[in-house]
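Have a look at the structure below, then the notes.
Values quoted throughout were computed directly from the atomic coordinates according to the rules given, and no laboratory measurement underlies them. Just so we're clear, the structure is a prediction, and the values are computed from it rather than from any experiment. Every residue, glycine as well, gets a Cβ built from its backbone with ideal geometry; the counts of neighbours run over all protein chains shown.
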């Protein structure tokens, strides 16, 4: 399985490279300097984008490796494989009904015993 960072890095690189930053930069430079060479500006923009990508992901990868996230993720995944899912034996509807009925009958018996003892006095 590829690491999370490599997948994120790949997707963000694609997004950055497919952006129209070079075109926007050419338009902005043309506004300020109408005689500027479009190809030169476009090449400079692509170089800048590549430098940003390289810098961004170099530091991102360093932080990721220093924090040992990938190792922790693998460790947790392996540990979780050892644990069994606990079976939950919920009481059936009949058992619940009988339990509630029993409790109510107990209350009635106590009430009747109290009434009987008060009548005997």
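At q = 0.12, 0.18 Å⁻¹ the log10 of I(q)/I(0) for region 4-82 amounts to -0.52, -0.80, computed by Debye summation with a single uniform scatterer per C-alpha, solvent ignored.
Distance between the pseudo-spin-label points of residue 84 and residue 35 (7 Å out from Cα toward the beta carbon): 8.4 nm. Ranked for footprinting exposure by Cβ neighbours inside 10 Å, fewest first, 100, 49 give 100, 49. Relative to the longest principal axis of the Cα atoms of the chain, helix 93-120 runs at roughly 40 degrees.
Which angle from 0 to 90°, rounded to the nearest 10, does the C-alpha axis of helix 21-32 make with the longest principal axis of the chain? Relative to the chain, helix 21-32 is tipped by roughly 50 degrees. Between residue 14 and residue 92, full extension at 0.36 nm per residue minus the direct alpha carbon distance yields a gain of 22.6 nm. Computed from label points 7 Å out along Cα-Cβ, the spacing between residue 71 and residue 6 is 1.9 nm.
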